[in-house]
1. For segment 88-126, run through the trypsin sites (Lys or Arg not before Pro) and keep only the ones in DSSP coil with at most 16 other Cβ atoms within 10 Å of their Cβ.
2. To the nearest 500 deg cm²/dmol, what mean residue ellipticity at 222 nm is calculated for the chain from DSSP H runs of n ≥ 4 alone, each contributing -39,500 (n - 2.57), summed and divided by the residues?
3. Which of 66, 45, 86 sits farthest toward the positive end of the charge dipole of the chain, with +1 on the Cβ of Lys and Arg and -1 on the Cβ of Asp and Glu?
4. Quick check: from the Cα gyration tensor, does segment 139-194 come out rounded (a/c under 1.5), prolate or oblate?
5. What does the convex hull of the alpha-carbon atoms of the chain project to on average, in nm²?
6. Lysines near residue 43 by alpha-carbon distance under 27 Å, same-chain residues fewer than 8 away left out - which ones?
7. Add +1 for every Lys or Arg and -1 for every Asp or Glu among the other residues with Cβ under 15 Å from the Cβ of residue 133, and state the total.
8. If you take the charge dipole of the chain about its Cα centre, with +1 on Lys and Arg Cβ and -1 on Asp and Glu Cβ, which of 200, 3, 100 is farthest toward its positive end?
Amino acid sequence: MLIKRLLDRYGYDTPIFTEDILKCMNDYSRQRVYQLISEEINKKSLIRFDMGIYYIPTNSEFGHTSITVNEVVKRKYIQDEGEIFGIYGKSVIDLNFLISYQVPNKIEVITNKESRDIREIEIGGRKVILRKARVQINKENVYGYTLMELFNKINLKQYKENNTIQKSIKEFIKENKINIKMIYDLASYFPAKTMKNLVISGVLYEIAQQ
């Protein structure tokens, strides 16, 4: 019964958290749900990835599949079921805009799901840095927020000397329809240097032309 309900709701190879299981099994007592979880883990039909994190594996003759730390982080702190509530931090932003090619050792996330300014946790043996969002991140402002985070700490000299970076930022603005109102709505939540960098770089002018 437990596996069927979870499969109907989440499918295979998806991070499932304890609170998800309790919600799916809310007609059972909490104690009984934990017993069912233990039974399914013993049968290997449910895999415990880390404390409070599970998944239903796809089994084959070669063994069973696994989930990744990135998948757990994304579902818990960034995006789930069409709702957006976080973004990856500077190191991943820099990768996405071709500012850096170094894959970070730690996963950094800016999220509505964190109440402290900064906190470090460990998931699946990997360090994850959680930062509280400056303002609630949602579908409407996520791309503007990402751009503001980029220009909060951007190296303007590197930007001006690198056409590849300039092109990637221009494409990001165009593809995600970032407009001037979106930027102005976010401006008061970021340090003054963020808007200054947008002006000096000429990117604010680019946005105004959208």
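Values quoted throughout were computed directly from the atomic coordinates according to the rules given, and no laboratory measurement underlies them. Please read all numbers here as calculations on a predicted model, not as lab measurements. Here Cβ is always computed from backbone atoms with ideal geometry, including for glycine, and neighbour counts include all displayed protein chains.
1. Sparse-neighbourhood loop trypsin sites (Lys or Arg not before Pro): 106, 113, 116.
2. -12500 deg cm²/dmol
3. Comparing the listed Cα positions along the dipole, 86 ranks first.
4. On the way: a/c = 2.63, a/b = 1.28, b/c = 2.06.
In terms of gyration-tensor shape, oblate.
5. Mean projected area for the chain: 14.2 nm², to one decimal.
6. Of all the lysines, those that pass the test against residue 43 - Cα under 27 Å, at least 8 places apart if same chain - are 4, 23, 76.
7. Surrounding charge for residue 133 is +2.
8. Most positive-ward Cα: 200.
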